[in-house]
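These notes concern the structure reproduced below.
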Amino acid sequence: MNIGEGIFAYKLYELEEQYGKLQCRIRACEQGDRKKIKKELRKAWNEYEESSQLLQEKVRACRSPAVSRLSQAQLDYRKQTEDLMKKQIANDVHSDGSNPDEDKAEAGLLFAEYAMDFATLSMQQALIAAMSALEIESEKDESTQDGRKENA
């Protein structure tokens with residue numbers, strides 16, 4: 001790895017692309033009708049399923065145990081949150097004055113807020129991970145250069 005090669009450039013591009021989709025779709029759906037929302041939701045689910053399949057393939061076919069374990073952790077998180085949304089959250093937000101449709105709507109809003117908070121946390125974690133990796137790489141390069149100077 002070489003810091004000068006922009007090792008995180010592609011990942012930053014992917015992140016920026018996903019954030020752009022998030023912004024555009026949410027804005028379009030907030031201003032759109034139900035038909036527009038359903039269409040955009042279907043697109044988002046298709047993309048989500050595709051990325052899930054890619055993660056499953058990484059778990060099965062990757063030669064690196066580290067990549068396989070990290071991919072599996074992402075799949076586990078997705079499954080746990082989907083299960084919570086389908087089975088538990090609407091029950092947890094229920095109150096005496098609400099009906100099942102209201103509970104489902106409130107659960108959806110709560111989960112959307114949580115997912116955005118989690119995305120923010122993930123970005124913070126990504127920043128710390130990237131900076132830590134760059135620091136380690138920089139230290140390694142420094143010690144290699146120091147070793148060369150001593151041998152010269």
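The values are calculated or read from the model by the stated rules, or taken from the named source; none is laboratory data. On a predicted model such as this, the values are computed, not experimentally measured, just so you know. Here the Cβ positions follow ideal geometry from the backbone for every residue, glycine too, while neighbour counts run over all protein chains shown.
A few comments on the model shown:
- Neighbours by Cβ (under 6 Å, 6+ apart or cross-chain): first from region 39-54, without any contact (Cβ under 8 Å) to a residue 60 or more places away in the chain and more than 11 Å from residue 75 (Cα to Cα); second surrounded by 12 or more Cβ atoms within 10 Å (Cβ to Cβ) and not hydroxyl-bearing (Ser, Thr, Tyr): 40/25; 40/29
- Test: residue in region 105-119 that is touching a helix residue (DSSP H, G or I) at 6+ places or on another chain (Cβ under 7 Å), in contact (Cβ under 8 Å) with a residue 40 or more places away in the chain and assigned to a helix (DSSP H, G or I): no
- Single match in 71, 98 (criterion: surrounded by 11 or more Cβ atoms within 10 Å (Cβ to Cβ) and in a helix (DSSP H, G or I)): 71
- The conditions of being closer than 23 Å to residue 110 by Cβ, outside any loop (DSSP other than H, G, I, E, B) and under 13 Å from the mean Cα position of the chain (by Cα) are not met by residue 83.
- Within region 134-147, if we keep just the residues that are touching a residue at least 12 places away in the same chain (Cβ under 8 Å) and within 30 Å of the chain's Cα centre (by Cα), the residue that is surrounded by the fewest Cβ atoms within 10 Å (Cβ to Cβ) turns out to be 138.
- Exactly one residue among 138, 143 is assigned to a helix (DSSP H, G or I), closer than 19 Å to residue 11 by Cβ, at pLDDT below 90 and among the small types (Gly, Ala, Ser), and that residue is 138.
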